[in-house]
Structure formats: C-alpha cells, structure tokens
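This report refers to the structure that appears directly beneath it.
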Amino acid sequence: MEKLMEHKHCPICQGVMPREDMFCSDECKGNYEGLAKKRKRSMWIFYIIMGAMFAYLLITMFLGSK
C-alpha cells in the first residue's frame, strides 16, 4: 500500500496542499478574509440588536411597574 504525503486541505475549497501553507492560493486567502470580515460585522450587529432588546426590556419593566 502506498503512503500519502503529509498534507492538509484548504479551508475554502478543500483542495490538497502542503502542511505548512494556510491556503492553497491567494484567491482562497482573499475569500477567507472576506468571509471573516462579514462574520465579524454580523456578530457586531447581533450584539447591538441584543443589547438594544435587553435595554428595551429593562426600560419597559421599570416604567411598567408604576
């Protein structure tokens, strides 16, 4: 049975690449950076919305208890 060389797969396209590389190409690296930026922006929007909802609940609880 033939042994495979040590390798890993690109996190974007799943292509085979050497273990020391992070991405198989500059295109995949750019795609990854774009996805990371979108994910970070989405998380900030989520935190802002959740904070606003929490603040709204607190305000309505205190104002509604009179």
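Do you know which of the residues in the stretch 19-66 that are among the hydroxyl-bearing types (Ser, Thr, Tyr) and in a helix (DSSP H, G or I) is farthest from His9 (Cα to Cα)?
Thr60
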* **Single residue of the stretch 15-37 satisfying the filter (without any contact (Cβ under 8 Å) to a residue 12 or more places away in the chain and surrounded by fewer than 10 Cβ atoms within 10 Å (Cβ to Cβ)) that is farthest from the chain's Cα centre (by Cα)** => Glu20
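Bear in mind these aren't lab numbers, they're just calculated from the coordinates by the rules spelled out. The shown structure was predicted, so the numbers you read here are calculated from the model rather than taken from an experiment. Neighbour counts run over all protein chains shown; Cβ positions are idealised from the backbone, glycine included.
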